[in-house]
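Structure first, commentary second.
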Amino acid sequence: MRSEIIWGKWYTLYVRVVVHIIFWMLVFCTYYFTYRRLGGSYIWILVAKELFVTTSLFYSGIWLVSKWVENRKGFPVIIFIVLSYIWWLNITYLVCDMLNDFGLKEGSGFYKYVNFFTSDGYFGIYQLKKFPSAFPDFLTLVSLPLAPKLIKLLIAQGNKVLLLEKDQTELKLEKAKLELKNTNLELDKASLERDNLKMELEILKSQISPHFLFNTLNSVYRLAEKRETSTADTIMKLSNMLRYMLYQANDDKIFIVKEIQFLNDYLDLIRIRFGDSVNLNFNITRINEPYRIVPLILLPFIENAIKHGPDRSRKDAWIDVSLTIEDGILRFVVANGVNKNSAESPQGGIGLQNVKRRLELRYKDRYTLNMSDNLNSYSVVLEIKL
């Protein structure tokens, strides 16, 4: 971690050098006043000894401690303290042994200090009886300048953790923003797809052929010419159908009883159009539940039966239509006779491809459609889970 991130941009190389100079001057003063109590003319040698030991530990070993602290390893730090104590003991013994040749005044504090470390020889410095007196001096003299460095390392490590947590929090925030953006994109995409589907459905509904309307108007015209009493009722049925197609069929779903009424009116107009030349049957099981269905989804199959049946040939023409609902499953069957020796009618409904597309859009995985083309008949069986 860069120092400017932790300590600020003010902590430049020049500032660091000045701070270190001032720091070691303070340490020198501390050591001087510490050994001054011993008296004598050679205290500066002990001060120099402490500076040597402390600086060697500070600049050569502290970078190891920083890595151990950063990696949260406590055992190596303890080993470092033990080895530092041994290093301090050895340097202290060598310096005190050298000072014995200077003819120190017996009984003085300085003499007692030197004699403490050299009286029992080199291995005597490791005696347990000297540990209670030597180790506190070590901690006081060596740990004093090392403490600020260790504190700095701990603060730096804490700042690293805080910065890491901050970065992780910011990363999570960015991830949440990205997910929100993706969610909005998905919602926009879904909205666009919905609008496209709605537009496609509207186009498919608008493709219902108007030819039946023209044929029905011609039938009404012939009724009017004959002054039939059923003319007014026929016009009313036609008016109801047009109102249904223009207004109610725009709803997403409608009650199935309304769709059935529309089909009844449509088949009544077909009876008027073809008269007795076509055998037309429409059977509906009584429906008690208010089921809903996509409007005008059933009409194309009846139109297709008329196109390939009586519109193609009136000879032996027949149409059977049945509609039942059991356990929420609508079953719609349309069958018609086919005279395949006659030419196909150029007119017709919207076509089976159109209604298949509407079924796929509105009842995907909820419908089955089976068509059978036999020698003299054609049938369609549609089942929808409402």
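Only residues in region 362-386 that are open to solvent by 70 Å² or more (accessible area, probe 1.4 Å) count as the first member; pair them with residues that are of a type in the set (Val, Ile, Thr) and modelled with pLDDT of 90 or more, Cβ under 9 angstrom, at least 6 apart or cross-chain, and list the lot.
Short answer, once both residue conditions are applied: Arg366/Ile384; Asn370/Val380; Asn370/Val381; Met371/Val380; Met371/Val381; Lys385/Ile329.
Just to be sure, is Ile260 over 44 Å from the mean Cα position of the chain (by Cα) and within 25 Å of Thr231 (Cα to Cα)? Explain how you work it out, then say what you get.
Numbers: over 44 Å from the mean Cα position of the chain (by Cα): yes; within 25 Å of Thr231 (Cα to Cα): yes.
Yes: the conditions hold for Ile260.
Just the residues that are more than 28 Å from Arg222 (Cα to Cα) and either of a type in the set (A, V, I, L, M, F, W, C) or surrounded by 17 or more Cβ atoms within 10 Å (Cβ to Cβ) (or both), please, taken from region 245-259. Spell out the reasoning first.
Narrowing region 245-259 to residues more than 28 Å from Arg222 (Cα to Cα): 247-258.
Once the filter is applied, which keeps residues that are more than 28 Å from Arg222 (Cα to Cα) and either of a type in the set (A, V, I, L, M, F, W, C) or surrounded by 17 or more Cβ atoms within 10 Å (Cβ to Cβ) (or both), region 245-259 yields Ala249, Ile254, Phe255, Ile256, Val257.
Suppose we keep only residues that are outside any helix (DSSP H, G or I) and open to solvent by less than 40 Å² (accessible area, probe 1.4 Å) within region 260-293. Which one would you say is nearest to Tyr363 (Cα to Cα)? Explain how you work it out, then say what you get.
Step one: of region 260-293, the residues outside any helix (DSSP H, G or I) are 278-293.
With the extra rule that they be open to solvent by less than 40 Å² (accessible area, probe 1.4 Å), the set shrinks to 278, 280, 282, 287, 293.
On the way: Val278: 33, Leu280: 29, Phe282: 24, Ile287: 21, Ile293: 10 Å.
Checking each candidate, the answer is Ile293.
Is there any pair with a first residue in region 285-305 that is without any contact (Cβ under 8 Å) to a residue 40 or more places away in the chain and a second that is part of a strand (DSSP E or B) and open to solvent by 60 Å² or more (accessible area, probe 1.4 Å) whose Cβ atoms are under 7 Å apart and which are 6 or more apart or on different chains, and what are they?
If the second residue must be part of a strand (DSSP E or B) and open to solvent by 60 Å² or more (accessible area, probe 1.4 Å), the pairs left are Pro290/Phe255.
Evaluate the following for Gln347: is it part of a helix (DSSP H, G or I), surrounded by fewer than 17 Cβ atoms within 10 Å (Cβ to Cβ) and modelled with pLDDT under 80? If you could, list the steps in order and put the result at the bottom.
Details: part of a helix (DSSP H, G or I): no; surrounded by fewer than 17 Cβ atoms within 10 Å (Cβ to Cβ): yes; modelled with pLDDT under 80: yes.
Judged against the criteria, Gln347 is not a match.
Could we say that Ile45 is at pLDDT 75 or above, farther than 17 Å from Phe135 by Cα and loosely packed, with under 11 Cβ neighbours inside 10 Å here?
On the way: at pLDDT 75 or above: yes; farther than 17 Å from Phe135 by Cα: yes; loosely packed, with under 11 Cβ neighbours inside 10 Å: no.
No, not satisfied.
Return a yes/no flag: does region 124-133 have any residue that is open to solvent by less than 40 Å² (accessible area, probe 1.4 Å), free of Cβ contacts under 8 Å to residues at least 40 places away in the same chain, over 21 Å from Arg36 (Cβ atoms) and among the hydroxyl-bearing types (Ser, Thr, Tyr).
Taking region 124-133 first, the residues open to solvent by less than 40 Å² (accessible area, probe 1.4 Å) are 124-125, 130.
Pick out the ones that are also free of Cβ contacts under 8 Å to residues at least 40 places away in the same chain and you get 124-125, 130.
Filter again for over 21 Å from Arg36 (Cβ atoms), leaving 124-125, 130.
Filter again for among the hydroxyl-bearing types (Ser, Thr, Tyr), leaving none.
No, region 124-133 contains no residue that is open to solvent by less than 40 Å² (accessible area, probe 1.4 Å), free of Cβ contacts under 8 Å to residues at least 40 places away in the same chain, over 21 Å from Arg36 (Cβ atoms) and among the hydroxyl-bearing types (Ser, Thr, Tyr).
Quick check on this structure: which one of Leu141, Leu150 is surrounded by 13 or more Cβ atoms within 10 Å (Cβ to Cβ), modelled with pLDDT under 80 and within 19 Å of Ile43 (Cα to Cα)? Walk me through how you get there before you give the answer.
Details: Leu150 fails: within 19 Å of Ile43 (Cα to Cα).
Going through Leu141, Leu150 in turn, the sole match is Leu141.
Quick check on my filter: what residues within region 32-42 are part of a helix (DSSP H, G or I) and open to solvent by 20 Å² or more (accessible area, probe 1.4 Å)?
Within region 32-42, the first condition is being part of a helix (DSSP H, G or I), and the residues that meet it are 32-38.
Listed by number, the residues that qualify are Tyr32, Phe33, Thr34, Arg36, Arg37, Leu38.
What's the total number of residues in region 305-335 that are assigned to a loop (DSSP other than H, G, I, E, B) and either of a type in the set (Gly, Ala, Ser) or buried (at least 20 other Cβ atoms within 10 Å of the Cβ) (or both)? Talk me through it step by step, then tell me what you get.
Filtering region 305-335 for residues assigned to a loop (DSSP other than H, G, I, E, B) gives 309-317, 327-328.
Next cut, either of a type in the set (Gly, Ala, Ser) or buried (at least 20 other Cβ atoms within 10 Å of the Cβ) (or both) only: 309-313, 317, 328.
Summing the residues that are assigned to a loop (DSSP other than H, G, I, E, B) and either of a type in the set (Gly, Ala, Ser) or buried (at least 20 other Cβ atoms within 10 Å of the Cβ) (or both) in region 305-335 gives 7.
Please find, among Val82, Val95, the residue that is under 24 Å from Thr30 (Cα atoms) and open to solvent by less than 70 Å² (accessible area, probe 1.4 Å). Spell out how you get there, then give the answer.
On the way: Val82 fails: open to solvent by less than 70 Å² (accessible area, probe 1.4 Å).
Testing whether each residue is under 24 Å from Thr30 (Cα atoms) and open to solvent by less than 70 Å² (accessible area, probe 1.4 Å) leaves just Val95.
Cβ contacts < 9 Å: first residue open to solvent by less than 100 Å² (accessible area, probe 1.4 Å), restricted to region 13-26; second residue not in a helix (DSSP H, G or I), any location; separation 6+ or different chain. Result?
Cβ pairs passing all conditions: Val19/Tyr11.
Asn354 fails exactly one of the following numbered conditions: (1) in a helix (DSSP H, G or I); (2) modelled with pLDDT of 80 or more; (3) touching a helix residue (DSSP H, G or I) at 6+ places or on another chain (Cβ under 7 Å). What is the number of that condition?
So the condition that Asn354 fails would be (2).
The values are calculated or read from the model by the stated rules, or taken from the named source; none is laboratory data. Since this is a predicted model, take the numbers as computed values, not measurements. Please note: Cβ atoms are built from the backbone with ideal geometry, for glycine as well, and neighbour counts cover all protein chains shown. The area values use the complete protein model at the heavy-atom level, side chains included, leaving out ligands, DNA and RNA. Shrake-Rupley method; radii C 1.70, N 1.55, O 1.52, S 1.80 Å.
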